[in-house]
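Okay, structure first, notes after.
No value in this document is a laboratory result; all are computed from the given coordinates. Keep in mind that what you see is a predicted model, and the values were worked out from it rather than measured. As a convention, Cβ positions derive from the backbone with ideal geometry for all residues, glycine included, and neighbour counts pool all protein chains shown.
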Amino acid sequence: MPPELDVIWRNLDYLLWGRMAQGEPGGLLLSVLIALASGVLALVGGIALAVLAWFSSGLLRRVLFVWADLIRGIPLIFVIFWVYFLVPALFGGAIPGTVSVILALAWFSAAAVMYSTLSGLEALSGGQREAALSTGLSEMQTLFVVLLPQALVNLVPSYVSLFASLIKDTSLAFIVNVPELTMVASQVNNRTQLYPTTIFLFTAALYFVLCGGLSLLVRKIMRRPVAASWD
Amino acid sequence: MGFSVDFAGVLSGPPLHWLVTGFFTTIVVTIAASVLASLLALLLLGLRISDNRPARTIAAGIIELFRNTPFLVQMMFWYFAAFGLLPSGIRDWINADHSWATLPGNIPLVSPEFIASTWGLGMFSAVFIAEEIRAGLLALPKGQSEAALSQGFGHWASLRHVLLPQALTNSFQAVVGQYLNLMKLSSLATAIGLAEITYQVRQIESYNSHAIEAFAVGTGLYLLLGLAMGRLMLAFAPKRRDGRRGAEAGHAA
């Protein structure tokens, strides 16, 4: 086997799942785990914030939007720094790097989920809301029984795209030394020194398969006419 | 529990000097990469919407490749791998001292870090800018291109005079967002050792462990830059025919 490929072959298990045998997942596996954990948190948190923004007006609504714009206005790396350094300073005791990255990514992505969910709710025709209210449902029931279920179905493609971005963003865990795929790849590169091209192309290919697969999925969902089970 | 805040450790002596040169470096790399991104975006867009099928396929392939891999990995690839593939004469020249290309505050413009960061940021953002403009084109009613073609405009003439001006107006807000994103992404150049804001903030943290204060100042600098850039670019927003600025018509992004 040519040495350029051999370097991948010899480090393949480390790149894919790190020190899994010692109970410390790393590499691609850890990237996916971080993305899944922060994705679930961001989805739940973002939808909850959207609901809050939907019902609130005036000051609270403005605070929510300023918060979301602020988070999106600074580099993600700074959100990670803040969680990494501020949480221990406020609550005492360090938190593991992986946990701080999950929290930071969830915090950052929740803002995007909030925006998409709100625009998904607003995209439903006003007639939906009026019809629901006129049948005697309360505002609360209208949102949870009529509007949200429809909006969530329509929003599946945009949530999947956000998840693909999240997978790419896990590479920033590198900055606080979490052994996810990018960190592990640069470790292998530092150790071997000889084949950076193969190592980084292989790393990029792993991300490409995951994220490219997800964007194909989005395209497939979008092409299908929205299931109209509710009309 | 509890910590005290002391900004004097950050806003005086060497840390202040580092922050100033870091701020300046971020501005310079953002401008250089924005210019490069604009040129590359035009090139990619031209290929992506040309009437030549192989050109379209190549552009689409490049776009998919860059959109679906993390920017950090791309940056490492350019710096650790691609730079080493350059002929050794060019590498030696880049690594040599260039007093003529060194800005005040010892910011070298011809260095592997600066060139890899500018190229990486430019290439990554070009892909997104090209796609935003193309989305603006796709959103135009079909009648626009049919009308232009029926007037006798060719493929490129109809794009240049009829379709692109409208597409740019439609996508202006989103394109501004991509340039702002470029500025924020320049923070990742710290991973390959470009001495911009984020790099300097981390240097202060290890110098006198005023981490929180340094992060606060860094956060403020990025917010300030983002606001200034946003204002500046929206001043150039194309006017819509109804008199509204293109940017105001879209949703706040």
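Side notes on the structure shown:
- For region A:55-140, chymotrypsin sites (Phe, Trp or Tyr not before Pro) are listed when DSSP marks them as loop and at most 14 other Cβ atoms sit within 10 Å of their Cβ; the list is empty.
- For the peptides B:220-233, B:136-149, the ranking by mean Cβ contacts within 10 Å, running from highest to lowest, is B:220-233, B:136-149.
- Annotation for region B:60-74 versus region A:65-101: alpha-carbon center distance of 27 Å.
- Extension gain from A:Met1 to A:Ser56, taking 0.36 nm per residue of separation minus the Cα-Cα distance: 13.5 nm
- Spin-label model distance (nm) - A:Leu216 vs B:Ala101, 7 Å beyond Cα toward Cβ: 4.1 nm
- Note on B:Ile31 and A:Ala205: the model spin-label points, each 7 Å out from Cα along the C-beta direction, lie 4.2 nm apart.
- For region B:85-217, the alpha carbon convex hull comes to 179 Å³ per residue, rounded to a whole number.
- For the peptides B:107-118, B:198-209, the ranking by mean Cβ contacts within 10 Å, running from highest to lowest, is B:107-118, B:198-209.
- Computed lengthening from B:Leu149 to B:Trp93, 0.36 nm per intervening residue step minus Cα-Cα distance: 15.1 nm
- From its DSSP helices (H runs of at least four residues, each -39,500 (n - 2.57)), the protein assembly as shown gives a residue-normalised ellipticity at 222 nm of -23500 deg cm²/dmol.
- Nitroxide proxy distance, nm - points 7 Å out along Cα→Cβ at B:Leu140 and A:Leu12: 5.0 nm
- Reducing region B:103-126 and region B:9-29 to their Cα centroids gives an inter-centroid distance of 17 Å.
- Highest mean first, the peptides B:24-33, A:171-180 sorted by other C-beta atoms within 10 Å per residue fall in the order A:171-180, B:24-33.
- Seen through its C-alpha gyration tensor, with square-root eigenvalues sorted a ≥ b ≥ c, the protein assembly as shown comes out rounded because a/c lies under 1.5.
- Local electrostatic count, B:Gln200, Cβ distance below 15 Å [Lys/Arg +1, Asp/Glu -1]: -3
- 10 Å Cβ neighbours from other chains, averaged over peptide A:75-83: 6
- Net charge contributed by nearby residues that have their C-beta within less than 12 Å of A:Phe108 (K/R +1, D/E -1): +1
- Summing +1 for each Lys or Arg and -1 for each Asp or Glu among the other residues whose beta-carbon sits under 12 angstrom from that of A:Thr142 gives -1.
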